[in-house]
Structures are given as C-alpha cells and as structure tokens.
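Everything below concerns the one structure shown next.
Quick note: the coordinates plus some simple rules give every number you see, no bench work behind them. None of these values were measured; they are calculated from a predicted model. Methodologically, a virtual Cβ is constructed for each residue, glycine included, from the backbone with ideal geometry; neighbour enumeration extends over all protein chains shown.
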C-alpha cells in the first residue's frame, strides 16, 4: 500500500517542486522544511514512489508528523487525512499534463543594460515615476527590452524586464511596458516556460524579510517600499501564496491599493490570515497606490510599521 501524497499536497494547496531547484532530485517532491525553519531552501523531500519523507538537513520524518506540521493540525487529524489517500497503486512518478507540455526556459531577445546610455527611454520612464533607476537595477536586476525584443511569437518590445527569483534562482519574469498607451501593461513569461509560476510564490527579497511582512499588489510597490515588502502579483492571491504567508510571517500588514478591487481583496486576505491564526491588519494610504508615494513617505511608513 502507498499513500498518494502528491494528490494530498494538491488538495491542500501545499506548494512543492519536482524540478528547477538545486535541492530537487528525480523521483522527489521538495518544499521548505517546517521542522528546521530559518534555513532557506527546499530541504524537505517526499519520495514519490515509496511515500516517505526525508529532510536533507534534519533527517527522516514520520508522515503523520509532516502532515500535521504542514497543515497545523493534530497527529490524529493528520492520520485520518492520510488514510483517505492510501492506495494500492505504486506511484512511480507523477507527471501532470502541464509538466509534459513544458518548454525550455529562455529569455526574450534584445535585452540591454538599463542605463541612461544604453536605454534612455526605459531609464527616463522610471525617473518620471520618481524611482532611482540605478538603485532598482542594483537591487532587482532590471534590464531593458529593446524595440525588437521577442519571445517566440510574443512581442516583448519596449518593456522593463523584471526577473523573478525564488530561493536565489531565476524562475520567471515579467515585462512592464514603458508606453502609457499600451493597454497590456504587464507581460509574464509564458506558463509553458516558467520554472515556477509566480502565483505560487511571493515577489521580494527573503533575505530582508522578518517576522513582520508588508504585503502589496505588484512589483513597483515593492520597489517603493523596499526589500522588506513582498508582492502577490495582483490582488487575486493564490492559495499557495496564502500558505506561504502563514509559514513565513507572524504578522502581516496588507497594503493593497485603495481602489475597489484592492479594498475587497485586502479585507478578504486579512480575514483569511486571521483564520490561520496569523495577526494581520489592513493599512490604507489615502486612496492611492504604494508605488505612487514619495520615497520619503514610503520609508517613513515602512519604519513605522516595522516598529509595531
């Protein structure tokens, strides 16, 4: 008898990876270990074929203890859940259709350094929005997609190339148009090429995160508030992102935009985080977008939030 833990992980929205990370090995599903927190990486592994758990740092783990820890429930409740996923089928490998259709990860063509000399229009766009382009390039690795930039048949031209990292690895990216008339402001790397879907992770720099998290909508909000903030790539946060928040933080301030969508989603997120036992609070910034704050206003706001 085996346990279909992969289906269990899917059903309970527990993020995991089977490839694309240094800790992943063939036949294993990996995730952050809840037993040795504070050590970044995907150290906890599930052997898919034989249904056992092992952390590369702290050793063998009993299945009921793992599920109890991941779902924040009792051992008895974990055992009852595991029973529902017991099967006589040997799980040699679980491959979803999405994984079968994967294409090699690649970048758009015609990328240039985002400097005043090499890409003046991109540079001036950021300056016009009261950002320091040199600082953003240094902190977030931005580049400029030139006028002929393409990604297969997708036009990526005249956009700011924004890399998306997770656990120190480039897993996806998006492009922000510098043309105000362009109706499609953001383009993401096609799902078939992504190493990890951005809606399965959080945008930011985990090295700067503490027990207190500052949650915003998009990447420009993070740029304004600084690396202590993180973004959910829009107000439609995913269950995997919600789970990550509960694992990474003890308290979260939600600074979604003060428009109708942001207000509704922000209240919903605070409510759900509270249900998970996390302290969460909605912060309003006077009817606007965090990215539109002056840098001084943003710095003062962050300082006040992290003091509480």
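Miscellaneous remarks
- Look at the alpha carbon pairs under 8 Å that are at least 6 residues apart: their mean separation over the length of the stretch 152-308 gives a relative contact order of 17 percent.
- When every Cα-Cα distance of the stretch 170-237 is counted in 10 angstrom steps from zero, the calculated P(r) takes the values 19, 48, 29, 4, 0 percent.
- Rg to Rh quotient for the stretch 111-196, alpha carbon positions, Kirkwood Rh: 0.96
- Residue-averaged [θ]222 nm for the chain, counting only DSSP H segments that reach four residues, each worth -39500 (n - 2.57): -8500 deg cm²/dmol
- Relative contact order for the stretch 224-297, counting Cα pairs under 8 Å that sit 6 or more residues apart, in percent: 37
- Taken over the stretch 181-290, the percentage of Cα pairs per 5 Å bin, counting from 0 up to the bin with the maximum distance, is 2, 12, 23, 26, 20, 11, 5, 1, 0.
- Model label points for residue 128 and residue 267, set 7 angstrom from Cα along the Cα-to-Cβ axis, are 3.6 nm apart.
- Treating each Cα of the chain as one equal point scatterer and applying the Debye formula with no solvent, the log10 of I(q)/I(0) at q = 0.09, 0.14, 0.15 Å⁻¹ comes out as -0.51, -1.14, -1.26.
- With Cα atoms, 0 to 90° folded angle of helix 260-275 axis to the chain main axis: 30
- Between the helical axis of 239-248 and the longest alpha-carbon principal axis of the chain there is an angle of about 90 degrees.
- Among 220-228, 244-252, the peptide with the highest mean count of other Cβ atoms within 10 Å heads the list, and the full ranking is 220-228, 244-252.
- Normalised by the number of residues in the chain, the average gap of Cα pairs under 8 Å and 6 or more apart makes the relative contact order 11 percent.
- Angle in degrees between helix 295-307 and the longest Cα principal axis of the chain, rounded to the nearest 10: 30
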